[in-house]
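In what follows, a structure is listed as structure tokens, so that the remarks can point back to it.
The values are calculated or read from the model by the stated rules, or taken from the named source; none is laboratory data. Just so we're clear, the structure is a prediction, and the values are computed from it rather than from any experiment. Here the Cβ positions follow ideal geometry from the backbone for every residue, glycine too, while neighbour counts run over all protein chains shown. Keep in mind that these areas ignore ligands, DNA and RNA; they rest on the heavy atoms of the full protein, side chains included. Shrake-Rupley method; radii C 1.70, N 1.55, O 1.52, S 1.80 Å.
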2 protein chains.
Amino acid sequence: MSSPTPASPNPAAPPQPGADAHAAAGRRPGGRTARVRAQVLAAVRDQLVEHGFDELTVDAVAARAGVHRTTVYRRWRDVGGLLADVLDAAGGDDWRPADTGSLEGDLAALNDEVYAALTGDPPITTALIAASFRSEEAARALTRFWEDRYDRCEIVVRRAVRRGEIPAATAARSLLIASTAPLYHQLVLFRVPPDPGLAGQAAHAAALAATAGAFAGNPASGPT
Amino acid sequence: MSSPTPASPNPAAPPQPGADAHAAAGRRPGGRTARVRAQVLAAVRDQLVEHGFDELTVDAVAARAGVHRTTVYRRWRDVGGLLADVLDAAGGDDWRPADTGSLEGDLAALNDEVYAALTGDPPITTALIAASFRSEEAARALTRFWEDRYDRCEIVVRRAVRRGEIPAATAARSLLIASTAPLYHQLVLFRVPPDPGLAGQAAHAAALAATAGAFAGNPASGPT
DNA sequence: TCACTAATGCGACAACTGTTGCGTTAAGAT
DNA sequence: ATCTTAACGCAACAGTTGTCGCATTAGTGA
């Protein structure tokens with residue numbers, strides 16, 4: 001997760017996001033509906049920033065947005081639905097991985113961003129992960145978000161191949177996961193105290209392993 | 001996580017596990033208290049197996065255990081406390097990593113166990129991870145459990161060093177995390193559809209990286 | 001301008017969650 | 001055998017969560 005801050009909240013709000021929040025553009029995407037959605041999503045972010053995930057209840061969001069409880073329940077179902085919508089709005093940015101000139105440098109830069117996202121205050125990213133364990137909808141939104149982010153990261157591997165650092169048949173996704181997973185593992189699951197040194201290690205090891213051909217396979221989509 | 005099934009539920013039950021479930025051995029560890037604890041913990045496991053984490057409520061556990069709601073609330077506080085106690089009871093087993101004769105084999109065997117735990121039905125392990133995001137107490141218990149497991153796994157690295165497979169100054173913990181984290185990452189956070197092939201990959205890459213000296217550092221406790 | 005209707009507001013409601021005070025039971029000690 | 005008291009059972013309670021039917025508002029199109 002790199003920049004979950006949504007710069008431009010999508011003004012179109014489907015009335016029934018239960019199935020898919022993006023399928024139909026809504027039968028009435030006009031003024032009030034869009035305004036309510038903007039107010040509610042802003043309220044979610046503000047509430048999250050000011051009081052954390054524990055106090056992110058539907059009631060609190062509705063009150064802060066100046067909207068009735070039932071409206072929020074009907075359109076977003078629960079807190080997970082709210083966060084899923086926030087997350088989808090955040091996925092529409094133009095983020096790209098940094099280009100440092102070397103594979104290890106690129107991976108380290110990625111991990112630095114992951115580190116910042118996971119240890120940042122307010123802990124928005126951690127809150128989203130936590131929410132994904134409470135709501136299937138939030139889980140799907142998070143999966144979509146990460147899928148998109150890792151897709152964008154594959155250029156890091158392609159650049160390294162072009163520079164001759166690693167074999168052409170390197171499984172990009174596997175390499176990227178091997179590089180970032182240890183950081184998530186320690187910060188999210190182990191909850192080790194934050195230490196900026198964590199970020200560089202895995203990047204180094206992954207780059208070395210890639211050089212040694214540990215991720216040989218289909219260059220586009222490795223063995224899952 | 002490898003074998004969360006508690007073979008022998010600790011009969012000693014501290015009355016106030018709020019602060020630390022193991023500090024004082026309780027002033028009255030006798031028959032009834034221990035019996036209630038055993039009933040409740042068994043009810044937690046049964047409820048989890050039969051109805052999953054979503055229906056694991058304090059009320060359901062109390063009813064199934066034949067115990068009053070208030071008793072559960074007072075001794076375990078919430079569902080997280082219940083799972084933390086279950087988890088602590090599970091950590092007292094005699095699990096050891098398999099010895100296959102090679103580093104990559106040992107790591108692959110580890111990942112096979114992780115895979116089985118994360119994809120097993122009922123999803124006890126996943127439920128515990130989910131609970132750790134709702135309850136600080138469950139989170140601490142999970143950290144303790146994993147810390148203990150990874151400690152026991154370090155012998156895998158020491159054996160590899162003894163066989164001359166990897167440098168003596170290999171950071172055992174870093175290697176182990178690099179080996180297992182990708183699997184957790186994909187199954188727990190990404191929620192990719194289960195695929196037994198996932199388990200072997202990371203083990204292979206980690207073993208290769210270790211051989212190349214990617215985890216050079218303090219052999220006992222690597223750079224965090 | 002006017003009718004249509006999707007979306008929202010409103011209040012009531014049941015279900016669930018967690019707490020408190022007090023009486024009862026039974027483990028541990030003398 | 002008897003006493004002490006930690007732990008439990010019980011009932012009542014307030015607060016929260018989520019749902020429902022119906023009234024009202026405000027985009028949308030004629």
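Please report the accessible area of B:Thr71 (heavy atoms, 1.4 Å probe, ligands and nucleic acids excluded) in Å², nearest 10.
The accessible area comes out at roughly 50 Å².
Test of the criteria: in the range B:142-224, which trypsin sites (Lys or Arg not before Pro) are in a DSSP loop and have at most 16 other Cβ atoms within 10 angstrom of their Cβ?
Details: sites: B:Arg144, B:Arg149, B:Arg152, B:Arg158, B:Arg159, B:Arg162, B:Arg163, B:Arg173, B:Arg191; in loops: B:Arg163, B:Arg191.
Loop-located and lightly packed - B:Arg163, B:Arg191.
Starting from the Cα coordinates of the range A:32-126, work out the convex hull volume and express it per residue in Å³. Mind dumping the intermediate values first?
On the way: hull volume 9.2 nm³, N = 95.
Here the figure is 97 Å³ per residue.
Give me the accessible area per residue for the range A:103-211, probe 1.4 Å, as a whole number in Å². Show your work: numbers first, answer last.
On the way: 3690 Å² over 109 residues.
It amounts to 34 Å² per residue over the range A:103-211.
Considering protein heavy atoms only and a 1.4 Å probe radius, which residues within the range B:143-188 exhibit an accessible-area decrease of no less than 50 Å² in the full assembly relative to the chain by itself?
Residues of the range B:143-188 that lose at least 50 Å² of accessible area once the other chains are added: B:Trp146, B:Ile177, B:His185.
Which shape class applies to the range A:103-211: rounded if a/c is under 1.5, otherwise prolate when a/b exceeds b/c and oblate if not, where a ≥ b ≥ c are the square roots of the Cα gyration tensor eigenvalues?
In terms of gyration-tensor shape, oblate.
Find the sum over both chains of the accessible area lost when A and B are paired, probe 1.4 Å, and report it in Å² to the nearest 100. Don't skip to the end; give the middle numbers.
Numbers: alone 11550 and 11550 Å², together 19830 Å².
The A and B chains share an interface burying roughly 3300 Å².
Taking the Cβ of B:Pro194 as the center, what net charge do the other residues with Cβ under 15 Å away carry, scoring Lys and Arg +1 and Asp and Glu -1?
Details: positive: B:Arg191; negative: B:Asp112, B:Glu113, B:Asp121, B:Asp195.
Net charge in that neighbourhood comes out at -3.
Taking a probe of 1.4 angstrom, what is the accessible area of A:His185 in Å², to the nearest 10?
0 Å²
How do B:Thr211, B:Thr125 rank by accessible surface area computed with a 1.4 Å probe, from largest to smallest?
B:Thr211, B:Thr125
Using a probe of 1.4 angstrom, how much of the accessible area of the range B:103-211 is carbon and sulfur, in percent? Could you put the intermediate results ahead of the total?
Details: 2140 of 3690 Å².
In the range B:103-211, the share of accessible area belonging to carbon and sulfur is 58 percent.
Once amide H atoms are placed 1.01 Å from N in the peptide plane, what residues at a sequence separation of 5 or more from A:Ala216, or on another chain, have their amide H within under 5 Å of its amide H?
Hits under the 5 Å cutoff: A:Ala171.
List, shortest first and in nm to one decimal, how far the label point of A:Gly105 (7 Å from Cα along Cα→Cβ) is from its counterparts in the other copies.
Label point to label point, same position, other copies: 4.3 nm.
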